[in-house]
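These notes are about the structure you will find just below.
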Amino acid sequence: MALFGGKPSAKKGDMFYAWTNDQEIAKKAECGGAVTTLLKYALEKKIVDAVLVVKRGQDVYDAVPTLVTDPKDLKDTAGSLHCGSLLMAKPAVKILERNKGMKLGMTTKGCDVMAIQEYAKRKKVDLNNLLLIGVNCGGTVSPVAARKMIKEKFEVDPDTVHKEEIDKGQFIIEYQGGHKGIKIDDLEDSGYGRRTNCRRCLYKVPRQADLACGNWGVIGDKAGKATFVEVCSDKGADLLSKAIKDGALNAEAPDPKGLDMRGKVEGAMIKLGEKWRKRDFEVLSKDLFGTIQRETSRCIKCYSCIENCPVCSPSAEKLKGKLYMVKPGEVPPNPMFHMRRFAHISDSCINCGQCEELCAMDIPLAKFSHAIRVEADSAFEPKLGKSVYSN
Ligand SMILES: Cc1cc2nc3c(=O)[nH]c(=O)nc-3n(C[C@H](O)[C@H](O)[C@H](O)COP(=O)(O)OP(=O)(O)OC[C@H]3O[C@@H](n4cnc5c(N)ncnc54)[C@H](O)[C@@H]3O)c2cc1C
């Protein structure tokens with residue numbers, strides 16, 4: 001970390017505690033408001049033409065992807081919505097396809113960053129037009145499941161909840177008349193909690209974004225008031241340095257104990273993800289193809305899994321009637337309908353869970369394609385020596 005005019009300047013690999021100088025953002029932000037402030041700064045300085053973020057809609061379960069062009073509107077988008085199980089990469093690519101040459105800033109969870117990389121490999125998006133402000137992500141809770149969990153486990157009317165947060169391993173709600181927190185481990189052991197694909201995710205700190213921002217590692221008097229920022233690219237370093245130099249953000253070196261703690265929490269979350277992989281895949285491995293056949297027999301062939309997959313997105317219209325070995329008009333379709341899709345996507349499946357989340361028949365599609373992906377990867381990972389199914 002270098003200094004200019006007494007203020008820190010950033011380079012790739014640096015880490016900071018950062019907090020906003022904008023009082024309106026500070027009030028609404030999840031931590032130090034660094035994410036919203038950096039996006040606002042990028043918009044004001046015309047580093048980007050627009051910003052894609054998530055805004056609270058009707059209630060805490062309603063996360064709405066929002067395109068912002070007026071920097072003043074960004075304050076309303078601060079804060080984390082843990083029931084926002086969206087994949088932001090998909091609208092981002094649509095926006096860029098329709099607005100050639102547009103420079104877009106956006107908030108990205110790990111799955112968004114992986115999806116953007118997949119789109120870039122397929123030349124659907126030019127990374128030079130994107131500014132990716134990553135947020136660490138321990139996982140999201142599906143909105144429908146969240147309402148059920150709050151009613152059954154918290155014994156609270158989900159319509160009375162006005163705030164939710166995840167802190168120190170607990171899912172915490174604030175509602176009319178009080179607040180309650182339950183350990184996520186306990187919720188998940190009884191079938192609630194994060195989406196199953198998020199539990200299996202090992203990509204908690206999105207280091208392929210330009211900056212990776214989170215709350216892990218912020219301790220002492222800055223706890224809850226600063227954002228932990230890891231600088232992951234020269235573009236990220238440049239943005240952060242300029243925002244600090246122009247007084248939009250304050251920053252200081254992280255507490256070494258906090259740094260150590262952040263590494264430990266990340267490590268523990270990765271271990272937990274591995275545990276979930278083992279648990280989910282071991283059951284599947286006993287009868288993978290039988291399970292796929294049984295589960296997909298509910299399929300109504302709505303094509304949502306195809307339309308919403310970031311690595312397999314031919315137009316459903318184009319596909320209709322053109323799948324050899326699958327007779328048109330049959331519901332449920334012949335299992336080859338799904339087998340072909342798995343064969344086509346599973347080597348690039350990023351485990352974003354959109355196929356499963358948006359499946360009208362609740363078929364655990366993400367588990368199948370993720371299991372096939374991990375199984376295939378293990379063949380190229382001599383370190384593991386054997387398949388994840390059996391280790
Ligand atoms: C679902 C989720 C899980 C998280 N889990 C962890 C974690 O386990 N550990 C950790 O260190 N940090 C986690 N974070 C990051 C942390 O909550 C803060 O977002 C981060 O510290 C930045 O704080 P800030 O005050 O600078 O952000 P703010 O200035 O408040 O900005 C937050 C940004 O996140 C966007 N956003 C809100 N909800 C979503 C969503 N569902 N999907 C995509 N973007 C969204 C907002 O639009 C806004 O741009 C998580 C964030 C989210 C969204």
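Report, by chain and number, residues whose modeled amide H sits under 5 Å from the one on VAL54, excluding near sequence neighbours (fewer than 5 apart, same chain).
Amide H neighbours of VAL54, under 5 Å, 5+ apart: THR66.
Taking just the alpha-carbon atoms of region 286-378, what radius of gyration and Dmax come out, in angstrom?
12.3, 37
Output the antiparallel fraction of DSSP beta bridges having both residues in the chain, as a percent to the nearest 5.
75
As an exercise, use a Förster radius of 51 Å and the Cβ-Cβ distance of LYS151 and LYS7 to find the FRET efficiency, rounded to the nearest 0.05.
E between LYS151 and LYS7, to the nearest 0.05, is 0.55.
Determine the sum of side-chain charges near TYR192: Lys and Arg each +1, Asp and Glu each -1, restricted to other residues whose C-beta is under 14 angstrom from that of TYR192. Spell out each step's value before the answer.
On the way: positive: ARG147, LYS148, LYS151, LYS153, LYS180, LYS183, ARG194, ARG195, ARG199; negative: GLU152, GLU155, GLU164, ASP185, ASP186, GLU188, ASP189.
Local net charge: +2.
Among VAL51, THR227, CYS305, whose Cα sits farthest toward the positive end of the charge dipole of the chain (+1 at Cβ of Lys/Arg, -1 at Cβ of Asp/Glu, about the Cα centre)?
CYS305
Extension gain ILE95-GLN23, at 0.36 nm per residue separation less the Cα-Cα distance, in nm?
22.9 nm
Under the rule a/c < 1.5 gives rounded, and otherwise a/b versus b/c splits prolate from oblate, where does the chain land using the Cα gyration tensor?
Values: a/c = 1.67, a/b = 1.46, b/c = 1.14.
It is prolate, given that a/c is not under 1.5 and a/b is the larger ratio.
From the C-alpha coordinates alone, can you work out the Kirkwood hydrodynamic radius of region 91-224, in Å?
Final number for the Kirkwood radius of region 91-224 is 17.0 Å.
Taking a 24 Å limit on the Cα-Cα distance, which of the listed pairs LYS7/LYS45; LYS40/LYS94; LYS103/LYS124; LYS72/LYS222; LYS121/LYS275 fall beyond it?
As for pairs spanning more than 24 Å Cα to Cα, those are LYS72/LYS222; LYS121/LYS275.
Between beta-carbons, use under 13 Å as the cut-off and find the net charge around GLU118, counting Lys and Arg +1, Asp and Glu -1.
It works out to a net charge of +4.
Under 4.7 Å Cβ to Cβ, no partner at all: give me those cysteines from the chain, in residue order.
CYS31, CYS83, CYS137, CYS198, CYS201, CYS213, CYS232, CYS299, CYS302, CYS349, CYS359
Where Rh denotes the Kirkwood radius from the mean inverse Cα pair distance, what is Rg over Rh for region 1-105?
Over the Cα atoms of region 1-105, Rg/Rh equals 1.00.
Computed from the coordinates by the stated procedures, all read-outs in this text should not be read as laboratory data. Keep in mind it's a predicted model, so treat the numbers as computed, not measured. So basically every Cβ, Gly included, is an ideal-geometry build from the backbone, and we count neighbours across all protein chains shown.
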